[in-house]
Amino acid sequence: MQTRDDIFNTLRDALVELFELDPGRVSLESNLYQDLEIDSIDAVDLIDHIKRQTGKKIAAEEFKSVRTVSDVVEAVYRLVQPAA
């Protein structure tokens, strides 16, 4: 089972790799659009990357409410948790 910390570390690595960001800029509080300068095309790439990593896709509707790295971590955490 992945912890939120595991998800954050994987997500930070993906953001650094996909968008050539400085790892120091990526924190749970970082705003994807303002702090990390990710645009809508980048967001689609990120959703695709998450799908490849988890085998599950985040619904576009759910991703629309995502603003911070922490929001993405929570969305992925909910996605990978087994249904109770």
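Between ARG25 and GLN53, the FRET efficiency from the beta-carbon distance, with R0 = 25 Å, is close to 0.75.
Using just the helices of the chain, give the 222 nm mean residue ellipticity in deg cm²/dmol: DSSP H runs with n ≥ 4 each add -39,500 (n - 2.57), and the total is spread over all residues, rounded to 500. Estimated from H runs of four or more residues: -17500 deg cm²/dmol. Going from the fewest other Cβ atoms within 10 Å to the most, the residues ARG52, ARG67, ARG12 appear in the order ARG52, ARG67, ARG12. Of THR68, THR3, the sequence from fewest to most neighbouring Cβ atoms within 10 angstrom is THR3, THR68. Computed over the chain, the alpha-carbon pair-distance distribution with 5 angstrom bins reads 3, 15, 30, 29, 17, 5, 1, 0, each value a whole percent. Note on SER40 and ALA60: their simple-model spin labels are 1.0 nm apart, each label 7 Å out from Cα toward Cβ. Note: relative contact order over region 1-52, using C-alpha pairs below 8 Å and six or more positions apart, is 29 percent.
In a simple Cβ point-charge model (Lys, Arg +1; Asp, Glu -1; nothing else charged), the chain has a dipole of about 440 debye relative to its Cα centre.
A short reminder: the numbers here are calculations on the coordinates, not readings from a lab. Since this is a predicted model, take the numbers as computed values, not measurements. Note: ideal-geometry Cβ built from the backbone for every residue, glycine included; neighbour counts use all protein chains shown.
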